[in-house]
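Notes to accompany the following structure.
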């Protein structure tokens, strides 16, 4: 019996192959570990970068909140520490055109000279760097100050000063960009103040517009009851007095919805005396929105407009509804009539200020004040069509930015 013999490979060859496989596996494992380490470092760096970005954005938001109050001693005192955190200087100062407003950082011995350092920037509206500061305080490291003007609407209103050991090019750039950003926030503060003044002017104009138109109709109606029903005439006089007191009280741009509705109740009592059963009224108000702050005299002009378009010239009278409901972060209010309606093109002209004569003055006035107070997204929305009635919708935010 013959046996087939398989030649054996030399032991040294097998050992070499095993050594090669082991080396390859070790190399692969090492590469994998390196890749994992790199990935971990990248992720860690990304997490650090993300957190740093969040910190910067939070700090900038805090500074913006303070700067949008305008450049004053109080707002500067709150904002300056955030500006220092953003620029990274050893100390930061804010000045207006007359005096030092706020200082943040050590080495306060330089604060007294802030106006002297800022003089050139306040004069020529350009950044300046002084890198040869002398300090009498032993151990004070401050040797340079970067001064950048704060400009609002083309006018220098103050300056940002960054005190540091060395005025590097990158720090000068950072201080310049920060001052430009701060100037933008101050311009927004100026814009907000301008819009508030405009809203006050519009409110005064609305009072003047309401007064002659409404007073004549009221007094005529009351006079008609003096002889026939003196008790009712007396009640109407009280309604008129209460409404007039509310309408012409001290300058206040905001009131509560509850107070506004009370004033409308006095107004409608006078109109019901005038129109009798021809005026059919529905009022539904959610209790949750009674304390919401609304622009002063924002509803009465709309109700007056509904009375004029819904009842005047219609022998059978008409219906008016005032509805206020809770919508989470907003109160939503509508004033609707079933009268003659208004051509949509004419409504657009009224809200754009292009309508001729006095027609729609109250509507346009309320729309402008709503936009000035809450933003363009909160302008009036008017649903109307000829012979289909008119519905005016308002959205009132419950919580205003920087308010309640």
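The values are calculated or read from the model by the stated rules, or taken from the named source; none is laboratory data. Treat the numbers as computed from the prediction; the structure is a model and nothing was measured. Every residue, glycine among them, receives a Cβ derived from its backbone with ideal geometry; neighbour counts consider all protein chains shown.
Quick grid of which residues meet (1) outside the structural domain of residue 298 (by TED's automatic domain parsing); (2) surrounded by fewer than 18 Cβ atoms within 10 Å (Cβ to Cβ); (3) modelled with pLDDT of 85 or more:
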{"site": "211", "(1), (2), (3)": "yes, yes, no"}
{"site": "214", "(1), (2), (3)": "yes, no, no"}
{"site": "218", "(1), (2), (3)": "yes, no, no"}
{"site": "221", "(1), (2), (3)": "yes, no, yes"}
{"site": "225", "(1), (2), (3)": "yes, yes, yes"}
{"site": "236", "(1), (2), (3)": "yes, no, yes"}
{"site": "241", "(1), (2), (3)": "yes, yes, yes"}
{"site": "256", "(1), (2), (3)": "no, yes, yes"}
{"site": "263", "(1), (2), (3)": "no, no, yes"}
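If the requirement is being over 30 Å from the mean Cα position of the chain (by Cα), within 20 Å of residue 85 (Cα to Cα) and either in the same structural domain as residue 185 (by TED's automatic domain parsing) or in contact (Cβ under 8 Å) with a residue 60 or more places away in the chain (or both), which of these qualifies: 169, 118?
Details: 118 fails: within 20 Å of residue 85 (Cα to Cα).
Testing whether each residue is over 30 Å from the mean Cα position of the chain (by Cα), within 20 Å of residue 85 (Cα to Cα) and either in the same structural domain as residue 185 (by TED's automatic domain parsing) or in contact (Cβ under 8 Å) with a residue 60 or more places away in the chain (or both) leaves just 169.
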query = Quick one: what pairs do we get from segment 130-144, first residue modelled with pLDDT of 85 or more, second surrounded by fewer than 10 Cβ atoms within 10 Å (Cβ to Cβ), C-beta under 6 Å, 6+ apart or different chains?
reply = none
